[in-house]
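Below is one structure, written out as structure tokens, with a few remarks after it.
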Amino acid sequence: MSEASIGAEVLREQYGDDSRLAARQSLWAGRTGPSLYETVLDLTCLSGTESIVDIGCGNGAYLAELRRRGHTGPLLAVDRSAAMARGSSRYAHPAVADAQALPVRSRGVDVALCAHMLYHVPDLPLAVGELRRVLRPGGKAVITTNGPGHTAQAKAVMVEAVSRVTGVDMDPDWDTRRFDPRTARDLLRASFDEVDGHELRDSTPVPDKGIVSAYLASWPPESAGLSAGPVWRAVLAAADELLDAHYAMKSTMDMDSRVAVFVCR
Ligand SMILES: C[S@@+](CC[C@H](N)C(=O)[O-])C[C@H]1O[C@@H](n2cnc3c(N)ncnc32)[C@H](O)[C@@H]1O
């Protein structure tokens, strides 16, 4: 999310519970191949016994997948949202903490996982330095983020809805400006000797209009330079009309996924 628009209060609202995150995750429910979590963990090349800290763990999607595949090493779930950390406690030891000051001793873990969260952190170099600090020699940090064009089809709907209601052209890539895969590598290289980047490109059919509608409604109004209230509600109503028109003509919306994964040593 963009630096200018997403402050601490908006973050609290976004992650006070997992409903908005779950609405965004639902977009990919129709994926036929491996899930993003499976692909990222495959790229991490784990033996199954490593100690792992999942930073910004959210509702524990990666931790659940680790448990599903029989991971036996210690798992720590860190999130600044108490509700998220608590929700992940069925998979891992939970800790309410900030990525900029991890509650882990130096050289304390084998793997630091930081999935789709660095764009929220105020001091990016500090958080990346923390990833480096907590890793044991030979350990790795795994970082994921969205790339430009991610969910382009849904974003096009929102851009049109915002334009119809406010006359303003919003930035469709508002969510990737702050931690763009194209510039992330330089930031990561400041702390790590090796940075292996992987680009994951996919398209998933979304047959249910309600899923796209809920996805757009999960965005903070600040993404369009607005705040919660009647104008934002009018934007969401306009988006719904556009989605109705789309689904009246087509049985599905093919949603692009653009994700970057960095494995750092
Ligand atoms: C988009 S969710 C990602 C959840 C999970 N990693 C995933 O990929 O499914 C971002 C998470 O990062 C957390 N978060 C945001 N800023 C944080 C910070 N400075 N330190 C720790 N967690 C943070 C949020 O509370 C939220 O749970």
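The values are calculated or read from the model by the stated rules, or taken from the named source; none is laboratory data. This is a predicted model, so every value here is computed, not measured. Because the Cβ atoms are built from the backbone with ideal geometry, glycine has one as well, and the counts that use them run over all protein chains shown.
Do you know which residues across region 96-123 are aliphatic (A, V, I, L, M) and surrounded by fewer than 19 Cβ atoms within 10 Å (Cβ to Cβ)? It would help to see each step written out before you state the result.
The initial filter retains those residues of region 96-123 that are aliphatic (A, V, I, L, M), namely 96-97, 99, 101-102, 104, 109, 111-113, 115, 117-118, 121.
Within region 96-123, VAL96, ALA97, ALA101 meet the criteria.
Restricting attention to region 43-57, which residues are among the hydroxyl-bearing types (Ser, Thr, Tyr) and within 21 Å of the chain's Cα centre (by Cα)?
Restricting attention to region 43-57, the residues satisfying the condition of being among the hydroxyl-bearing types (Ser, Thr, Tyr) are 44, 47, 49, 51.
Correct list: THR44 only.
Output the residues belonging to region 57-78 that are of a type in the set (Gly, Ala, Ser) and either assigned to a helix (DSSP H, G or I) or near the ligand (Cβ under 9 Å from one of its atoms) (or both). I'd like the intermediate steps shown before the answer.
Pass one, region 57-78, residues of a type in the set (Gly, Ala, Ser): 58, 60-61, 64, 70, 73, 77.
GLY58, GLY60, ALA61, ALA64, listed by residue number.
So which residues in region 247-265 are in contact with a Lys or Arg (Cβ under 9 Å, 6 or more places away or on another chain) and over 19 Å from TRP28 (Cα atoms), if there are any at all?
PHE262, VAL263, CYS264, ARG265
Looking at the structure I just gave you, is ARG265 surrounded by fewer than 17 Cβ atoms within 10 Å (Cβ to Cβ), basic (Lys, Arg) and in contact (Cβ under 8 Å) with a residue 60 or more places away in the chain? Write out each step before concluding.
Values: surrounded by fewer than 17 Cβ atoms within 10 Å (Cβ to Cβ): yes; basic (Lys, Arg): yes; in contact (Cβ under 8 Å) with a residue 60 or more places away in the chain: yes.
Answer is yes for this residue.
Among the residues in region 79-92, are any over 17 Å from LEU118 (Cα atoms), away from the ligand (no atom under 12 Å from the Cβ) and assigned to a helix (DSSP H, G or I)?
yes
Would a scan of region 103-119 turn up a residue that is modelled with pLDDT under 95, near the ligand (Cβ under 9 Å from one of its atoms), closer than 21 Å to ARG178 by Cα and not in a strand (DSSP E or B)?
Taking region 103-119 and keeping what is modelled with pLDDT under 95, we get 119.
Filter again for near the ligand (Cβ under 9 Å from one of its atoms), leaving 119.
From what is left, the residues that are closer than 21 Å to ARG178 by Cα are 119.
If we keep only those that are not in a strand (DSSP E or B) too, we end up with 119.
Yes.
For region 19-56: of the residues being of a type in the set (D, E, K, R) and near the ligand (Cβ under 8 Å from one of its atoms), which is farthest from GLY210 (Cα to Cα)?
Taking region 19-56 as the starting set, the residues that turn out to be of a type in the set (D, E, K, R) are 20, 24, 31, 38, 42, 50, 54.
Now narrow it down to the ones that are near the ligand (Cβ under 8 Å from one of its atoms): 24, 54.
On the way: ARG24: 12, ASP54: 31 Å.
Filtering region 19-56 for residues that are of a type in the set (D, E, K, R) and near the ligand (Cβ under 8 Å from one of its atoms), the one farthest from GLY210 (Cα to Cα) comes out as ASP54.
Write out, first by first residue and then by second, each pair whose Cβ atoms fall under 8 Å of each other, whose residues are 6+ apart or on separate chains, and whose first residue, in region 47-63, is modelled with pLDDT of 95 or more while the second is aromatic (Phe, Trp, Tyr) and more than 11 Å from the ligand (Cβ to nearest atom).
That search, which allows pairs on different chains as well, returns GLY60/TYR91; LEU63/TYR91.
Do we find that ASP54 is in a strand (DSSP E or B), surrounded by 14 or more Cβ atoms within 10 Å (Cβ to Cβ) and either in contact with a Pro (Cβ under 7 Å, 6 or more places away or on another chain) or not polar (S, T, N, Q) (or both) in this structure? Walk me through how you get there before you give the answer.
Numbers: in a strand (DSSP E or B): yes; surrounded by 14 or more Cβ atoms within 10 Å (Cβ to Cβ): yes; either in contact with a Pro (Cβ under 7 Å, 6 or more places away or on another chain) or not polar (S, T, N, Q) (or both): yes.
Yes: the conditions hold for ASP54.
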